[in-house]
Amino acid sequence: MTKLSIITAPDPRLKVVSEPVAQVDAGIQRLMDDMLETMYAAPGIGLAAVQVGVPKRVVIVDTGEQGEQDKPLFLINPEVLFTSDETWIDEEGCLSLPDQYADVRRPVVVKLKFLDYTGVPQEMEARGLLATCIQHELDHLEGILFVDHISMLRRGIILKKLRKIQRESAAAER
Ligand code: GNR
Ligand code: NI
(Lines give C-alpha, C1' and ligand atoms only; values in the text may rest on other atoms or scores of the structure.)
(Ligands and ions follow the chains in the order given, each with its own letter.)
Protein backbone atom coordinates (compact mmCIF):
# COMPACT_ATOMS: atom_id res chain seq x y z
CA MET A 1 0.00 0.00 0.00
CA THR A 2 1.11 3.54 -0.68
CA LYS A 3 0.46 6.61 1.41
CA LEU A 4 -1.03 9.34 -0.77
CA SER A 5 -0.84 13.09 -0.19
CA ILE A 6 -3.99 14.89 0.91
CA ILE A 7 -5.09 18.07 -0.85
CA THR A 8 -5.74 20.97 1.54
CA ALA A 9 -8.09 23.92 1.07
CA PRO A 10 -8.31 26.30 -0.58
CA ASP A 11 -7.83 24.23 -3.75
CA PRO A 12 -10.21 24.08 -6.75
CA ARG A 13 -9.76 20.27 -6.97
CA LEU A 14 -11.77 19.93 -3.72
CA LYS A 15 -14.77 21.61 -5.38
CA VAL A 16 -15.12 19.12 -8.22
CA VAL A 17 -18.19 16.82 -8.33
CA SER A 18 -16.83 13.25 -8.35
CA GLU A 19 -17.77 10.79 -11.12
CA PRO A 20 -19.47 7.43 -10.46
CA VAL A 21 -17.29 4.32 -10.59
CA ALA A 22 -18.22 2.28 -13.68
CA GLN A 23 -16.66 -0.96 -12.48
CA VAL A 24 -15.12 -2.05 -9.18
CA ASP A 25 -11.86 -3.46 -10.49
CA ALA A 26 -8.34 -4.00 -9.19
CA GLY A 27 -7.50 -0.34 -9.86
CA ILE A 28 -10.35 0.86 -7.61
CA GLN A 29 -9.38 -1.69 -4.94
CA ARG A 30 -5.76 -0.49 -5.09
CA LEU A 31 -7.03 3.10 -4.69
CA MET A 32 -9.09 2.07 -1.63
CA ASP A 33 -6.11 0.23 -0.09
CA ASP A 34 -3.93 3.32 -0.57
CA MET A 35 -6.67 5.58 0.82
CA LEU A 36 -6.92 3.34 3.89
CA GLU A 37 -3.20 3.61 4.62
CA THR A 38 -3.41 7.38 4.06
CA MET A 39 -6.40 7.77 6.41
CA TYR A 40 -4.92 5.66 9.24
CA ALA A 41 -1.59 7.50 8.97
CA ALA A 42 -3.22 10.95 9.11
CA PRO A 43 -5.03 9.88 11.38
CA GLY A 44 -8.63 10.40 10.29
CA ILE A 45 -11.98 8.59 10.52
CA GLY A 46 -12.98 9.05 6.88
CA LEU A 47 -11.54 9.92 3.48
CA ALA A 48 -13.02 10.64 0.04
CA ALA A 49 -11.00 9.84 -3.10
CA VAL A 50 -11.26 13.46 -4.26
CA GLN A 51 -9.12 14.46 -1.23
CA VAL A 52 -6.22 12.48 -2.73
CA GLY A 53 -6.82 13.94 -6.18
CA VAL A 54 -9.05 11.20 -7.65
CA PRO A 55 -12.52 12.63 -8.41
CA LYS A 56 -14.36 9.29 -8.25
CA ARG A 57 -17.27 8.37 -5.97
CA VAL A 58 -15.21 6.33 -3.51
CA VAL A 59 -15.28 6.83 0.26
CA ILE A 60 -13.72 4.99 3.17
CA VAL A 61 -14.78 5.34 6.80
CA ASP A 62 -13.56 3.86 10.07
CA THR A 63 -14.95 5.46 13.21
CA GLY A 64 -13.62 2.71 15.52
CA GLU A 65 -11.71 3.67 18.64
CA GLN A 66 -7.94 3.95 18.37
CA GLY A 67 -6.33 0.67 19.36
CA GLU A 68 -9.49 -1.23 18.45
CA GLN A 69 -9.28 -3.60 15.52
CA ASP A 70 -9.60 -1.82 12.18
CA LYS A 71 -13.14 -2.06 10.78
CA PRO A 72 -13.07 -0.04 7.58
CA LEU A 73 -16.20 0.57 5.51
CA PHE A 74 -15.73 0.95 1.76
CA LEU A 75 -18.51 2.93 0.09
CA ILE A 76 -18.52 3.06 -3.71
CA ASN A 77 -21.18 5.13 -5.54
CA PRO A 78 -23.02 5.76 -2.23
CA GLU A 79 -26.60 7.04 -2.47
CA VAL A 80 -28.72 8.36 0.38
CA LEU A 81 -32.06 6.53 0.78
CA PHE A 82 -33.27 8.29 3.94
CA THR A 83 -32.25 10.98 6.40
CA SER A 84 -34.01 11.57 9.72
CA ASP A 85 -35.81 14.82 10.49
CA GLU A 86 -34.08 14.66 13.84
CA THR A 87 -30.71 16.42 13.71
CA TRP A 88 -27.76 16.78 16.02
CA ILE A 89 -24.69 18.98 16.20
CA ASP A 90 -21.18 17.57 16.29
CA GLU A 91 -17.80 19.21 16.05
CA GLU A 92 -16.26 18.38 12.68
CA GLY A 93 -12.74 18.45 11.37
CA CYS A 94 -11.40 17.62 7.92
CA LEU A 95 -8.03 16.36 6.71
CA SER A 96 -8.33 18.94 3.91
CA LEU A 97 -8.80 21.75 6.50
CA PRO A 98 -5.98 20.82 8.92
CA ASP A 99 -6.46 21.85 12.58
CA GLN A 100 -9.77 23.63 11.87
CA TYR A 101 -12.95 22.63 13.70
CA ALA A 102 -16.56 23.81 13.77
CA ASP A 103 -19.98 22.64 14.96
CA VAL A 104 -22.15 21.32 12.13
CA ARG A 105 -25.82 20.29 12.35
CA ARG A 106 -26.83 17.20 10.36
CA PRO A 107 -29.51 14.47 10.40
CA VAL A 108 -28.80 11.99 13.21
CA VAL A 109 -29.72 8.93 11.09
CA VAL A 110 -28.87 8.22 7.46
CA LYS A 111 -29.66 5.16 5.34
CA LEU A 112 -27.70 4.51 2.20
CA LYS A 113 -26.98 2.06 -0.57
CA PHE A 114 -23.55 1.55 -2.07
CA LEU A 115 -21.22 -0.99 -3.65
CA ASP A 116 -18.80 -2.67 -1.25
CA TYR A 117 -15.10 -3.49 -1.73
CA THR A 118 -15.98 -6.38 -4.03
CA GLY A 119 -18.58 -4.43 -6.03
CA VAL A 120 -21.58 -6.09 -4.37
CA PRO A 121 -24.60 -3.80 -3.68
CA GLN A 122 -25.25 -3.21 0.04
CA GLU A 123 -27.53 -1.10 2.22
CA MET A 124 -26.84 0.22 5.69
CA GLU A 125 -28.22 2.51 8.36
CA ALA A 126 -25.91 4.71 10.41
CA ARG A 127 -26.43 7.05 13.36
CA GLY A 128 -24.38 9.34 15.52
CA LEU A 129 -20.70 9.87 14.70
CA LEU A 130 -20.77 7.28 11.90
CA ALA A 131 -23.74 9.05 10.27
CA THR A 132 -22.00 12.42 10.63
CA CYS A 133 -18.81 11.06 9.10
CA ILE A 134 -20.63 9.41 6.18
CA GLN A 135 -22.52 12.64 5.40
CA HIS A 136 -19.26 14.60 5.61
CA GLU A 137 -17.71 12.19 3.07
CA LEU A 138 -20.76 12.29 0.75
CA ASP A 139 -20.43 16.08 0.77
CA HIS A 140 -16.85 15.74 -0.51
CA LEU A 141 -18.24 13.84 -3.54
CA GLU A 142 -20.30 16.97 -4.36
CA GLY A 143 -17.37 19.33 -3.81
CA ILE A 144 -18.75 20.49 -0.46
CA LEU A 145 -16.63 21.01 2.69
CA PHE A 146 -17.92 21.24 6.27
CA VAL A 147 -17.17 24.98 6.25
CA ASP A 148 -19.90 25.33 3.60
CA HIS A 149 -22.40 24.48 6.39
CA ILE A 150 -21.30 27.21 8.82
CA SER A 151 -21.68 30.99 8.84
CA MET A 152 -19.86 33.06 6.22
CA LEU A 153 -18.00 34.78 9.07
CA ARG A 154 -16.66 31.53 10.57
CA ARG A 155 -15.86 30.15 7.11
CA GLY A 156 -13.95 33.33 6.26
CA ILE A 157 -11.87 33.05 9.43
CA ILE A 158 -10.94 29.41 8.76
CA LEU A 159 -10.08 29.95 5.07
CA LYS A 160 -7.99 33.01 5.93
CA LYS A 161 -5.96 30.92 8.41
CA LEU A 162 -5.45 28.18 5.82
CA ARG A 163 -4.36 30.63 3.12
CA LYS A 164 -1.81 32.05 5.56
CA ILE A 165 -0.46 28.54 6.33
CA GLN A 166 -0.23 27.81 2.57
CA ARG A 167 1.67 31.08 1.95
CA GLU A 168 4.09 30.31 4.78
CA SER A 169 4.79 26.76 3.63
CA ALA A 170 5.25 27.93 0.02
CA ALA A 171 7.77 30.52 1.29
CA ALA A 172 9.60 27.88 3.35
CA GLU A 173 9.99 25.67 0.28
CA ARG A 174 11.81 28.39 -1.60
O1 GNR B 1 -10.93 12.67 10.51
C2 GNR B 1 -12.02 13.24 10.38
N3 GNR B 1 -12.76 13.50 11.49
C4 GNR B 1 -14.08 13.93 11.45
C5 GNR B 1 -14.65 14.39 12.62
C6 GNR B 1 -15.96 14.82 12.65
C7 GNR B 1 -16.71 14.77 11.50
C8 GNR B 1 -16.15 14.35 10.32
C9 GNR B 1 -14.84 13.92 10.28
S10 GNR B 1 -14.16 13.32 8.80
C11 GNR B 1 -12.47 13.68 9.05
C12 GNR B 1 -11.63 13.13 7.92
C13 GNR B 1 -11.97 13.81 6.62
O14 GNR B 1 -11.62 14.91 6.33
N15 GNR B 1 -12.77 13.17 5.81
O16 GNR B 1 -13.17 13.75 4.66
NI1 NI C 1 -13.18 15.87 5.08
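Please specify each residue of the range 109-140 satisfying the condition of being aliphatic (A, V, I, L, M) and farther than 20 Å from ILE89 by Cβ.
LEU112, LEU115, VAL120, MET124
Any residue in the range 81-98 that is among the aromatic types (Phe, Trp, Tyr) sitting within a Cβ distance under 6 Å of a residue that is part of a strand (DSSP E or B) and away from ligand 2 (no atom under 16 Å from the Cβ)? List the pairs, counting only those 6 or more apart or interchain.
PHE82/LYS111
Assess whether ALA102 counts as being at pLDDT 95 or above, within 14 Å of ligand 2 (Cβ to nearest atom) and crowded, with 18+ Cβ neighbours inside 10 Å.
yes
Go through (1) in a helix (DSSP H, G or I); (2) surrounded by fewer than 14 Cβ atoms within 10 Å (Cβ to Cβ); (3) touching a residue at least 40 places away in the same chain (Cβ under 8 Å); (4) of a type in the set (D, E, K, R) and name the single condition GLU123 misses.
Failing condition for GLU123: (1).
From the residues in the range 126-155 that are of a type in the set (D, E, K, R) and within 12 Å of ligand 1 (Cβ to nearest atom), which one is surrounded by the most Cβ atoms within 10 Å (Cβ to Cβ)?
Per the stated criteria, the residue is GLU137.
All but one of (1) in contact (Cβ under 8 Å) with a residue 12 or more places away in the chain; (2) farther than 19 Å from LEU31 by Cβ; (3) among the aromatic types (Phe, Trp, Tyr) hold for PHE114; state the number of the condition that does not hold.
(2)
With the structure loaded, tell me whether GLY64 is within 18 Å of THR132 (Cβ to Cβ) and modelled with pLDDT under 95 or whether it fails that test.
It is true that GLY64 is within 18 Å of THR132 (Cβ to Cβ) and modelled with pLDDT under 95.
Kindly indicate which of GLN29, GLN23 is away from ligand 1 (no atom under 15 Å from the Cβ), surrounded by fewer than 19 Cβ atoms within 10 Å (Cβ to Cβ), in a helix (DSSP H, G or I) and touching a residue at least 60 places away in the same chain (Cβ under 8 Å).
Criteria check complete, one pass: GLN29.
Return the only residue of VAL52, VAL59 being under 17 Å from ALA131 (Cβ atoms) and under 11 Å from the mean Cα position of the chain (by Cα).
Only one candidate qualifies: VAL59.
Quick one: which of TYR117, TYR101 is among the hydroxyl-bearing types (Ser, Thr, Tyr), assigned to a loop (DSSP other than H, G, I, E, B) and closer than 22 Å to ILE60 by Cα?
After ruling out the rest, the residue left standing is TYR117.
Filter the range 32-51 down to the residues that are part of a loop (DSSP other than H, G, I, E, B) and touching a residue at least 24 places away in the same chain (Cβ under 8 Å) and list them by number.
ALA42, GLY44, ILE45
The values are calculated or read from the model by the stated rules, or taken from the named source; none is laboratory data. These figures come from a predicted structure and were not determined experimentally. Because the Cβ atoms are built from the backbone with ideal geometry, glycine has one as well, and the counts that use them run over all protein chains shown.
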